[in-house]
Each structure stands twice: as structure tokens, then as C-alpha cells.
Amino acid sequence: MQDMVNVYLMGKKYVVPSNLTIMGAMEYSGYQLVRGCGCRCGFCGACATIYRIKGERELKVCLACQTQVQDNMYVATLPFFPLIKQVYDIEKVKPEQAVMMQLYPEIYSCIGCNACTKACPQGLNVMQYIAYAQRGDFKKCAEESFDCVMCGICSSRCPAGITHPQVALLSRRLTGKYLAPKSEHLENRVKEINNGDFKELIEGLMGKPISELKELYNTRVIEK
Amino acid sequence: MYTQEMLDSIKKVEATRSSRIGVEPRRMDADEKDNLLREFHPDYIVSQFTELKMGPNKGEKVPLELAAALQAHSRIKASDVDLSNPDYDVDVLVIGGGGAGSSAAIMAHEGGANVMIVTKLRHGDANTMMAEGGIQAADKPNDSPAIHYLDAMGGGHFKNVPELLEKLVCEGPDAVKWLNDLGVLFDKEPDGTMITTHGGGTSRKRMHAAKDYTGAEIMRVLRDEVINRGIPVVDFTSAVEIILDENGKAAGAVLMNMETHDLLVAKAKTVIIATGGAGRMHYQGFPTSNHYGATADGLVLAYRVGAPLLYAYTLQYHPTGVAYPSQIYGALVTEKVRSIGAMLVNSEGEAFMHPLETRDVAAASIIRECKARHKGVDIPGGGYGIWLDTPMIEMIHGEGTIEKRIPAMLRMYLKYDIDMRKVPILIYPTLHYQNGGIKIAADGMSDVENLYVAGEAVGGIHGENRLMGNSLLDVIVFGRNAGVSAAAKAKKTTVGALTLDHIAKFDKELADAGIVTDKVSPILLPRYTHGNPRYEAK
């Protein structure tokens, strides 16, 4: 006999096998999910979920696809949250502190409550990366926020109305485009290809019979 | 978290670990690989395939589940919608909001087209988001597009369409540069040199990465760029039928709101199918590493309007899906784990193969080790797994490497109290990629005029087996390519009267072929009930 637990999906009680994830428990209970289900592997942020264990005071957060059910778990899913996304032209913005003041001035209203960090299902130091963004230290903000899946739970808990994932994304794009070191070998290779430097080599291969290609492939040198 | 049997086996793995460090297991030769594939790769199990009885690929073999979806009825009748009064009227309609669809939309927009994206779930709910390990591009001094070409050709059993593969490898570096210039944060040395590693079957280290969130990093940047450009995205809306015009050219699609089930008509001068893969078809009962909506929709849409498929019989089973714990069964364990040093080890602690054989060979070898040689580790509830010896990574590259290079993997397992820095993890092949798909020409157009295809829905680029990192590359190269081509073609196109006559015609062909079915397609979403007897009985 399977080990069963009680879960309360949006407050309604269901009895489900204890080895399921929250997402699995919803499906076992008969939900055919359309909202709140994306990659099912912890990368897309579609299944942001808030729960409380009966008798405990603390509200907990998680991704429903990555979290096993517990007995007496009260579950509310957050399939959508109205985040602010400002539009900008990546070719025109500059990696300067002023850009944050202009696009996301609410980050300067942070009261330091740290609710965002406590809410992050990825375990990121969200308040810290917002602090880096405030100072215009985009590189550090990018690094600290890198594993963000943009589920938006942090923003749902923020008394200052900050849209943390978008602030982080802007910081990462500014870092990637303007602050990270340039890759000379990449630029060179693109020029060489545009110059037609490899045309003959490739066309030579394309014209070869498969028997010759096989020989070339089976005897090619593999970099250590 | 591990069972006693697993813990006992781990002792054997630990006992051989130090002697395995620095020793590269022998690679198989061509004959060994051929024999192994024939005997153990799922693509070669004859009973799992059937011949198509009608349509452009009549007489060719495809997986049973795909045949059932291709040879099914439409979800709609032509009379269900009013084609004379479209809800949307655009130059370029992109179906699918993943990496290929978003790249296509950006380039179509760049080309001056009025472009719109429809996507079944949210924008970015796609296999691109879940691609972990990296993206290939031959941009190092010791590498060249020609070497990349040969690697991919050999990995694909020499079945790759040469013109498509040429495009993939020659436009690879420019694709990576484009992403870099959009602000994608690639892993780099302080001097700007891209940090690159091997993938299975590569002869040069050309795997570029953004930790093990490579696809997620690319997808969130592309999505941001689509929004910044003001390209309309209609989410939670799937395409259920392609619309043709009176001259047989693609001219739009019938859309369905996934929540209200309302039908809408989108008219377009050109259409791009970028609907992705098919993991949620669960071919041969395999679990999958794919996102929730990967149900081969694009193949069904294209087939019904007469576009032929190419290599639809070949699927990729990623060698390292999660075998245990059950909560994440089938989830992807990135190949990068092997790229940076972890070996595949059986229950006796033996490294039974080179860890970086191509994916088809590696998957078949793991299946053989379990099924024929009985050296898998039993999983409670059925099935078996092989050890991926992750602690080797930090013995080779130093403490902290796992957290820095593969944080998503570490995080996924830590949620189940498995610390891969200290103990190995159990893996088994998982359904990962649709090697075949819709046949296209080098400009991205299918055999139906004005119907373009990009990304995983395309067949032919990768032959019968794709190399790691060539899919992220493919969605960018062929996504951009389709966007450019479709925008240019739209300028020269005048749409004739719209029609859905092909639905009745297809139904007649089904009847003529003797196919009696109550199935409708595309499938759109899988249904899971996790063994609940209430639903299983029905």
C-alpha cells in the first residue's frame, strides 16, 4: 500500500501518495494543468508556489515541480504575477547607474526587509543583488542573480513593489553586452568566415563521397 | 536518501575512483558502435515503429505514437471559423515562442515585417529554456567550421543534409556573436576567451556555456528583446490548423485559446512553424527531459497541409536522465557533467565506456550495461540506473567546481538530500530530442510555399543523431534564417482567398487508406494522473 498524505490544494483537501511532487499531487488529484506548468525541471519559473504546513506560522515558497509534498501542506500556486517590465533599446542604454534610476527607480525604495531573499526558491541573495543594482554595480548584480528563474515570488513579497527579476535581467544584459571582456577569437573567426576563408575546405567536404567522409571521421584527431 | 543496495554499490565506485582519475577509457571503433546501436538503441526496435499509410511520407516508418498523431483527424471542421474575418492580419506569423520562434521574430522585425508570435503556454516555455550544457561554435584558433562539419556528420551517421549542416557550422560563430552582443553572459576567461569544453563526439573543445543555465540565459535574453521591440506575443494560444490560400500557399493558422478554447483566425503572408520537439509523446514509454508542451504539434500541422517530413523515425535518448529519485525521474542531467570529468560507472565500480561517446552510442551502451550485462543498480519500484561519478569532478578540477560550473544540477539533487559533490548520482536514458522533423530547404521553407520551419521541428540538420550543443546553435541559426527569409518573402506575397479545404481532403485520404480513428491532433498537452486508480480505470 502506498504511503499517503493529506494536501490542501487551494485549500481543498486531497489524499495523495507521499512520494509525489506538488505538481504531481495536483495531477494525481485530477487537475489537467494549463497554467503553472512549464519545463517541469526547475528552469522556467512557471510553477511558483506558496505553502504553509498546518500548525506552523511560517509561509514557505518553492517550485511545485521541484518539491515533494508533505502531510498537511496547504498549497497556493502563483501561475502569474503582474511584474513591471520596462522596455529599452539595448543598443542605446549605457551601463551606468542612471539607467536604474530611470527605468526602475523603485529599487531605491527598498526598506531592507529581506523578504525577497527569504522568498527565493533558488536560494539567491535577492536583496543583495538589488543593492548592487542600486549602486550601478551591474557585474556583481549579474553574478549574484544569475540562477534566477524569474518566477516572481520575490516581487510578490516586496513591500516596495520592486520587480527584482527584471532589474536582474537588465543588469545581466548590460554586463554581457558592455562590461564583459570582448572575445577576440570570436570576432576574428566571424571575419574569416565572412571573408570566405573556409569556403574551399567546407565545399571540399560537401563534395566527398560518404566512404571518404567516414575514413576522415574515424581517423580524426581528438583534442585532449 | 539512497537504498542500502545503492550504498553498497557506491562503496565499489569509491574503491575504484582514484585509479580511474586521469585514465581515459578506450573509445569504440565504427563497427563496435554499429553493432551496439543495432542491438540496443530504441530507434532499432522494429515493433515500436509502423509504416505511414497516407500523406507525403506514405510507406515510411515512424514511431507508433507519432503515426497515430499524424494519421488523426483535425480538432476542427472548416465551418467552425469564419476565414473572411480574421482576428489577426500580419506579414509573418510565428508559431512557437521558444528559442527558434523568438530569434525568427526578432529577425523578421529587423527586416521590417509586421510579425507576431503565438505560443501554446507562456513565451519561453520551451526546450531552449531547459538546454543546460552549451552551444557549439567553431571559433577557437585550433578549430574550423570544416572540423565542426565532420564531427556533426559522423555523429549524425552521415545522414545530415549537407546544405543545412554547412549553414549550421558556418553561421555558428556569428550566432554566438549575435547572442553575445544582445547581452547573453557566456562563461569567459578574464581576457575574454570563451571557456569551452568537449561534448560527446566533438573533436575540438567548442562547447560555449553560461554555467549550466545556457539555454535559460539565452531564452530570457531573447524574450526580453522580443518585448523591447514591441513584437506582439499571444500566449496560451496554440495553432491547431494551418490555413492555405486558394493557390496552395500557407497563409495563416487557426488558433485556439488554451483556457477558453475559443477559436481565432490569424491571416499572414508567411508562416513559420517553430513548435519544437516531441518528448511528451513518451515514445516507447520513456520518460522525457522535455518541457510540458513538447507534443510534435508542428509535424502534425505541416503533414496535414502536405509538407513532407525527413528522418521522423529517429529520436534522441539522452544518456543521462535522472533514474533516481522518482520525483525528478527523466529530468536532464547535462552532458556537461561528463565534459568536466564525471565518468559512467556500473554497479561494480567499473568504467564500462568512454564518457564522451555520441549520445546514441552512450545511451545504447548504458541500456546494454543494465539489460544484457546486469550491471545496473536497481531502483525501488522498478527499473535501473548507472552511476555518474560526480565526485571525480572536484578531484580533477578542485573544490567548488560543481557549484560554479553546474549549479542547477547541484541544486536539483540537493532538494532530495543528495550531494553530488560527495556521492555519485544514478542516471538512465531519457527521451530528449526529435532528430527528424519537417523537411526544409536552406532558406528555411518547407515543400509548402510560404510555410517556413525552424528549430527542433526541422528534420535533416543533424542526420540521425544530434551532437550536444548543436541544438541551441540550430535554433539560433535557423531561427534567424527563417525570420529573414519569411520577412523578405512576405514583401513579395499577395495572399489569395483563404481556405481550410485541406481538412476534408485529409479526412478522405484517411478513409481511402482504411484508417478508422476517433483520435484528433495536434495533441497539445499530455495528461498525467500518476497512477491514480480513479483515472487509470477510464
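Let's see how each residue does on (1) at positive phi; (2) within 7 Å of another protein chain (Cβ to nearest Cβ); (3) under 20 Å from the mean Cα position of the chain (by Cα); (4) modelled with pLDDT under 95:
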site: B:A146; (1), (2), (3), (4): no, yes, no, no
site: B:G155; (1), (2), (3), (4): no, no, yes, no
site: B:N160; (1), (2), (3), (4): no, no, yes, no
site: B:K167; (1), (2), (3), (4): no, no, yes, no
site: B:P173; (1), (2), (3), (4): no, yes, no, no
site: B:L179; (1), (2), (3), (4): no, no, yes, no
site: B:D191; (1), (2), (3), (4): no, yes, no, no
site: B:I195; (1), (2), (3), (4): no, no, no, no
site: B:H198; (1), (2), (3), (4): no, no, yes, no
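For A:N125, are the conditions met, namely being under 22 Å from B:F186 (Cα atoms), surrounded by fewer than 16 Cβ atoms within 10 Å (Cβ to Cβ) and more than 19 Å from the chain's Cα centre (by Cα)?
Taking the combined requirement at face value, the residue does not satisfy it.
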Counting only residues in segment A:31-40 that are at the interface with chain B (Cβ under 7 Å from one of its Cβ atoms) and farther than 16 Å from A:C148 by Cβ, the one surrounded by the fewest Cβ atoms within 10 Å (Cβ to Cβ) is identified as A:Q32
Inside segment A:105-142, the number of residues satisfying the requirement of being within 20 Å of A:L179 (Cα to Cα), out of contact with any Asp or Glu (no Cβ under 7 Å at 6 or more places or on another chain) and touching a residue at least 12 places away in the same chain (Cβ under 8 Å) is 9
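Inspect all residues belonging to segment B:370-382 and state whether any of them is buried (at least 24 other Cβ atoms within 10 Å of the Cβ) and away from chain A (no Cβ under 14 Å).
Yes, the conditions are met somewhere in segment B:370-382.
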Filtering segment A:82-110 down to residues that are closer than 10 Å to A:T163 by Cα and assigned by TED's automatic domain parsing to the domain that holds A:Q166 yields A:Y104, A:E106, A:I107
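Tell me, which residue of segment B:107-121 that is buried (at least 24 other Cβ atoms within 10 Å of the Cβ) and within 14 Å of chain A (Cβ to nearest Cβ) is farthest from B:N450 (Cα to Cα)? Lay out the reasoning, then the answer.
To start, the set of residues in segment B:107-121 that are buried (at least 24 other Cβ atoms within 10 Å of the Cβ) comprises B:108, B:113, B:115, B:117-121.
Filter once more, keeping what is within 14 Å of chain A (Cβ to nearest Cβ): B:119-121.
Values: B:T119: 20, B:K120: 22, B:L121: 25 Å.
Once the filter is applied, the top-ranked residue is B:L121.
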Filter segment B:469-492 for residues that are in contact with a strand residue (DSSP E or B) (Cβ under 7 Å, 6 or more places away or on another chain) and over 22 Å from B:A239 (Cα atoms); the one that is surrounded by the fewest Cβ atoms within 10 Å (Cβ to Cβ) is B:L473
Among (1) more than 8 Å from chain A (Cβ to nearest Cβ); (2) not in a loop (DSSP other than H, G, I, E, B), B:D212 falls short only on (2)
Yes or no: B:E60 over 20 Å from the mean Cα position of the chain (by Cα), away from chain A (no Cβ under 14 Å) and acidic (D, E)?
-> yes
When (1) of a type in the set (K, R); (2) surrounded by 16 or more Cβ atoms within 10 Å (Cβ to Cβ); (3) farther than 30 Å from A:S18 by Cα are applied to A:K94, the one that fails is (2)
From the option list B:V240, B:V233, B:V254, B:V221, single residue qualifying as under 30 Å from A:Q86 (Cβ atoms) and touching a strand residue (DSSP E or B) at 6+ places or on another chain (Cβ under 9 Å) is B:V233
### Query
Looking at B:S446, is it among the small types (G, A, S), outside the structural domain of B:G111 (by TED's automatic domain parsing) and over 30 Å from B:L410 (Cα atoms)?
no
Within segment B:19-34, the residues that are part of a helix (DSSP H, G or I), farther than 21 Å from A:N218 by Cα and either within 11 Å of another protein chain (Cβ to nearest Cβ) or touching a strand residue (DSSP E or B) at 6+ places or on another chain (Cβ under 9 Å) (or both) are B:R20
Counting only strands (runs of 3 or more DSSP E) entirely within segment A:1-118, those with at least 2 residues that are touching a His at 6+ places or on another chain (Cβ under 9 Å) are A:12-17
The residue from B:E403, B:E464, B:E394, B:E399 that alone is over 24 Å from the mean Cα position of the chain (by Cα), of a type in the set (D, E, K, R) and within 14 Å of chain A (Cβ to nearest Cβ) is B:E403
The correct count of residues that are in contact with a His (Cβ under 7 Å, 6 or more places away or on another chain) and either without any contact (Cβ under 8 Å) to a residue 60 or more places away in the chain or not assigned by TED's automatic domain parsing to the domain that holds B:M409 (or both) in segment B:319-344 is 1
Note on B:P526: of the conditions (1) assigned to a loop (DSSP other than H, G, I, E, B); (2) away from chain A (no Cβ under 14 Å); (3) not acidic (D, E), unmet is (2)
Exercise. Is it the case that segment B:4-26 has a residue that's among the β-branched types (V, I, T), outside the structural domain of B:I425 (by TED's automatic domain parsing) and out of contact with any Leu (no Cβ under 6 Å at 6 or more places or on another chain)?
Worked result: no
Does A:E223 meet the test of being assigned to a helix (DSSP H, G or I), out of contact with any Cys (no Cβ under 9 Å at 6 or more places or on another chain) and either more than 10 Å from every other protein chain (Cβ to nearest Cβ) or surrounded by fewer than 18 Cβ atoms within 10 Å (Cβ to Cβ) (or both)?
-> no
Being touching a helix residue (DSSP H, G or I) at 6+ places or on another chain (Cβ under 6 Å) and surrounded by fewer than 24 Cβ atoms within 10 Å (Cβ to Cβ): is that true of B:L500 here?
yes
Notebook entry, point to check: Before we move on, is A:T49 more than 10 Å from chain B (Cβ to nearest Cβ) and in contact with a Cys (Cβ under 7 Å, 6 or more places away or on another chain)?
Noted result: yes
In segment B:337-353, anything over 23 Å from the mean Cα position of the chain (by Cα) and within 13 Å of B:H198 (Cα to Cα) is listed as B:G341, B:A342
Considering segment A:171-184, residues that are buried (at least 19 other Cβ atoms within 10 Å of the Cβ) and of a type outside the set (A, V, I, L, M, F, W, C), and then whichever is farthest from the other protein chains (Cβ to nearest Cβ), we arrive at A:S171
Going by the conditions given, is A:E192 under 28 Å from B:G200 (Cβ atoms) and either assigned to a loop (DSSP other than H, G, I, E, B) or at pLDDT below 95 (or both)? no
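The values are calculated or read from the model by the stated rules, or taken from the named source; none is laboratory data. In this text the structure is predicted, and so the values were computed from the model without any measurement. Virtual Cβ from ideal backbone geometry, glycine too; neighbours counted across all protein chains shown.
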